[in-house]
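The values are calculated or read from the model by the stated rules, or taken from the named source; none is laboratory data. What you are looking at is a predicted structure, and each value in this text was computed from that prediction instead of being measured. Glycine also receives a Cβ, built like all others from the backbone with ideal geometry; neighbour counts cover every protein chain displayed.
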Amino acid sequence: MATEVILPRLGQGMESGTIVRWLKSEGEPVQKGEPLFELDTDKVTQEVEAETAGVLLKIAVPEGEVPVGQTVAFIGQQGEDVPEVAAAAPPQEETKAAEPEAVEEAPQQPAAVVSGNGRIKASPLARRLARERGIDLRSVRGTGPEGRIVAEDVERAEAGGPAPVALPTAPTSTGEVERIQLTSIRKTIARRLTEAWQIPVFQLQTSADMTRVNALVARLRERDPDVRATVTDVLTKISAQALMRHREVNAEFTDDAILLHPRANVGLAVAAPQGLVVPVIHSAERLSLTEIAAVRSDLVGRARESKLRAEDIEGGTFTISNLGMYAVERFTAVLNPPQAAIVAVGATEDRVVPFDGGTAVRPMVTLTGTFDHRAVDGAPAAAFLQTLKESLEDPGLAL
Amino acid sequence: MPELTYREAVRDALSTAMRQDDDVFIMGEDIAEMGGSMGVTAGMLDEFGKERVRNTPISEMALAGAAIGAAMQGMRPVAEIMYEDFLTLAAEQVVNQAAKLRYMSGGQLTVPVVFRTQGGAGWSPGAQHAQQLEAWFVHIPGLKVVFASTPEDVRGLLWSAIYDDNPVVFFEHRTLYPIKGDVPQEIEPIPIGRARVHREGGDVTVIATGRLVHESLKAAEEAERDGISVEVVDPRTLQPLDEETLVSSVKKTNRAVVAHEAVTRMGFGAEVAAVLQYQAFDWLDAPIERVGAKFAPLPFAPVMENFVVPHAEDVLAAIKRTVGKA
């Protein structure tokens, strides 16, 4: 029987890929491991290798965007029949049109491989996981043999795929240890954080009165309700200005030199469904608060939909990690190498503080900076943090 | 820890039992002066004499019947059936007598007999001297069936078989006799009905018997290079079967391959697959794969024999199919 060539998942969060061109033509013999076609994804362009040897019998999708797991070609013996392509590969235009919306809402059409009698092809384990987690298998795309939904697909769907159709009534614990297979993004996070942990760092902490920042954000929202400005946007702008004043913090340590970056490319740690990502607001020092808010809104939105492009996550020189929305008072962040600094932002909360010779209740935030000591010493880092504090307390001075 | 070959380990279990217990004796075709066709009982005649190392006529039915009779009278005989192919000649006694007498006598009789036998391909013995017929005997209520794959296991399990009050059909594999392995200084009985996890892994469980245990361990190492973590479990006792160990392993890995040298069709692995699919249904993420010989008599020609029986690469291919990497 002819073997289907399936569009592979090449990396974290990949939902689809674009076939750029085929490196083999129909009727040509193919060795296992030989490059078959060129695939463009969110992150990379890569040659995809044949997983079986034989003759490339049929190219089902000559070029264009294809969802992961779809059949794009058949490899088999010379003269062998291939299954009806129409059944395996929907026309390209249709795929393109259906893709963008399909991610957001409950699916209009089944993503799963459904057999003639309407039964979805899924492993028993995948069925149980879907049942326990309230996931509709019709919304899950199978990547197992012949499009079978396997456990990994259900986990992926739960993490980042289409929203579950039915909410789980009451999560029932089976009393067993649950095993969550590492996704590639989880592996990348683990590897990068382990690397970051090797770097000698130090932490500095300061608190700032947010009265004026809050007033500024309120005013911005009033003036421009469409672009919902946030405290993070002000922090981004203020950090960018501070980085330009303290360029030794906007740095990168290399084996033979310390690089001081000319632009403040500020990364924002975002909890995307499949894991932590850090989209970057480039040249934030040159953008207005409203521009920053617009860029941030677009980036965070796409991060949550796993639609970031390579350029969105590259080139950061500094990172802000904000857990204020979770009522975390203060925390320390792990460095995001090769950057030399990251600032962890806690919740803005009312605290009793000395004020004007007495005490007062003021909205306070605590910032904790983590710095690469190889690149930055304590004093310049402290000066940077002081600038942040002063700018937050009197944002007009920073802008 | 001393090192013994599989052959020496069998002999050590027999000799040690005979030294400490007058009820234990061995019988079979050419086991005395010749030391058995596989040399397992070599030298035992000198130590124990012909009363306890008994050559028998070339009649498997007669020698099996004599052993059963001795067992009913309170002895613990170990009868050697030269090739397991010849168990077919003793089947009446093993299946209709040994397996049934305890039940039919309402427990008044016990039959503590062991039928030791060997088989297996890999040395071109042809269609009548290398079959793997364990599936015939696991089907019979009243029999226990053991198939050990290492020197340590074969010694500890043979000991337990000798001292079990029920008839045990004890399979050895021809090509395993020369393999060496560490064994405890003193014989440590291995309970009948307990599987052994040879190697732990997280992605696929391979349940293998006899020679295929070793082939599966090779395949597991290969798979590791492809990032597939394989658990290898040898049931060791085929009847009773340690379902708990097998099922819990598969619940952990979510995938299973069953591998033996006997033909796949209606093989022991079919029962294992049935047990797994029933008890671990909701944990399975792929169809259970089966590895075994092709459904054909074993050819004499080495190339053909090699083609018919399974090897490490067949196990590896099955492993890869379960994780969708075939």
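Taking the residues in segment B:276-297 that are touching a helix residue (DSSP H, G or I) at 6+ places or on another chain (Cβ under 6 Å) and farther than 25 Å from B:D203 by Cα as candidates, determine which candidate is farthest from the other protein chains (Cβ to nearest Cβ). Result: B:A296. Listed by first and then second residue, the pairs with beta-carbon distance under 8 Å, at least 6 apart or on different chains, first residue in segment B:178-200 and within 11 Å of B:L157 (Cβ to Cβ), second of a type in the set (A, V, I, L, M), are B:I187/B:A13; B:I190/B:L157; B:I192/B:V146; B:I192/B:L157; B:I192/B:A161; B:I192/B:V168; B:G193/B:L241; B:R196/B:V233.
Of the residues that sit in segment B:298-326 and are surrounded by fewer than 20 Cβ atoms within 10 Å (Cβ to Cβ) and in a loop (DSSP other than H, G, I, E, B), which one is nearest to the other protein chains (Cβ to nearest Cβ)? The residue in question is B:G324.
Taking segment A:231-261 as the range and being part of a loop (DSSP other than H, G, I, E, B) and either closer than 23 Å to A:A208 by Cβ or more than 26 Å from the chain's Cα centre (by Cα) (or both) as the test, the residues that pass are A:H246, A:R247, A:E248, A:V249, A:N250, A:T254, A:D255, A:D256, A:A257. Selection of segment B:89-108 for residues being crowded, with 16+ Cβ neighbours inside 10 Å and either over 21 Å from B:S160 (Cβ atoms) or aliphatic (A, V, I, L, M) (or both) yields B:L89, B:A90, B:A91, B:Q93, B:V94, B:V95, B:Q97, B:A98, B:A99, B:K100, B:L101. Only one entry of A:A347, A:A341, A:A360, A:A327 meets the criterion of being free of Cβ contacts under 8 Å to residues at least 40 places away in the same chain and in contact with a helix residue (DSSP H, G or I) (Cβ under 9 Å, 6 or more places away or on another chain), and that entry is A:A347. Taken together, B:V111, B:V95 contain a single residue that is of a type outside the set (S, T, N, Q), touching an Asp or Glu at 6+ places or on another chain (Cβ under 9 Å) and touching a residue at least 40 places away in the same chain (Cβ under 8 Å), which is B:V111.
The single condition from (1) out of contact with any strand residue (DSSP E or B) (no Cβ under 9 Å at 6 or more places or on another chain); (2) modelled with pLDDT of 80 or more that A:M14 fails is (2).
May I ask you to verify whether B:S216 is more than 28 Å from B:I162 (Cα to Cα), surrounded by fewer than 21 Cβ atoms within 10 Å (Cβ to Cβ) and polar (S, T, N, Q)?
So B:S216 fails the test.
Looking at segment A:31-48, is at least one residue farther than 26 Å from A:K307 by Cα, surrounded by 16 or more Cβ atoms within 10 Å (Cβ to Cβ), at pLDDT 85 or above and in contact with an Asp or Glu (Cβ under 9 Å, 6 or more places away or on another chain)? No, because not a single residue in segment A:31-48 is farther than 26 Å from A:K307 by Cα, surrounded by 16 or more Cβ atoms within 10 Å (Cβ to Cβ), at pLDDT 85 or above and in contact with an Asp or Glu (Cβ under 9 Å, 6 or more places away or on another chain). The set of residues from segment A:345-382 being surrounded by fewer than 17 Cβ atoms within 10 Å (Cβ to Cβ) and β-branched (V, I, T) comprises A:V352, A:V353, A:T359, A:V361.
One line per residue, one yes/no per condition, for (1) in contact (Cβ under 8 Å) with a residue 24 or more places away in the chain; (2) assigned to a helix (DSSP H, G or I):
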{"site": "B:L212", "(1), (2)": "yes, yes"}
{"site": "B:K218", "(1), (2)": "yes, yes"}
{"site": "B:I228", "(1), (2)": "yes, no"}
{"site": "B:E244", "(1), (2)": "no, yes"}
{"site": "B:K251", "(1), (2)": "yes, yes"}
{"site": "B:L276", "(1), (2)": "yes, yes"}
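Among the candidates B:P151, B:P178, B:P189, the residue that is in contact with a Gly (Cβ under 7 Å, 6 or more places away or on another chain), closer than 28 Å to B:G39 by Cα and surrounded by fewer than 19 Cβ atoms within 10 Å (Cβ to Cβ) is uniquely B:P189.
Matching residues to (1) touching a residue at least 24 places away in the same chain (Cβ under 8 Å); (2) outside any loop (DSSP other than H, G, I, E, B); (3) assigned by TED's automatic domain parsing to the domain that holds B:T110:
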position: B:F25; (1), (2), (3): yes, yes, yes
position: B:D30; (1), (2), (3): yes, no, yes
position: B:S37; (1), (2), (3): yes, no, yes
position: B:T41; (1), (2), (3): yes, no, yes
position: B:I58; (1), (2), (3): yes, no, yes
position: B:G69; (1), (2), (3): no, yes, yes
position: B:G74; (1), (2), (3): yes, no, yes
position: B:E80; (1), (2), (3): yes, yes, yes
position: B:L89; (1), (2), (3): yes, yes, yes
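Only residues that are of a type outside the set (D, E) and either assigned to a strand (DSSP E or B) or under 19 Å from B:Q132 (Cβ atoms) (or both) were counted across segment B:278-297, and they come to 8. Looking only at segment B:254-266, filter to residues that are surrounded by fewer than 24 Cβ atoms within 10 Å (Cβ to Cβ) and touching a strand residue (DSSP E or B) at 6+ places or on another chain (Cβ under 9 Å); which one of those is nearest to the other protein chains (Cβ to nearest Cβ)? Per the criteria, the residue is B:T264. Considering segment A:198-214 alone, what residues qualify as being out of contact with any helix residue (DSSP H, G or I) (no Cβ under 9 Å at 6 or more places or on another chain) and either within 16 Å of A:F331 (Cβ to Cβ) or surrounded by 14 or more Cβ atoms within 10 Å (Cβ to Cβ) (or both)? The answer is A:I199, A:V201, A:Q203. Quick check on segment B:125-182: of everything there that is assigned to a loop (DSSP other than H, G, I, E, B) and hydrophobic (A, V, I, L, M, F, W, C), which residue is nearest to the chain's Cα centre (by Cα)? Ranking the qualifying residues of segment B:125-182, first place goes to B:A148.
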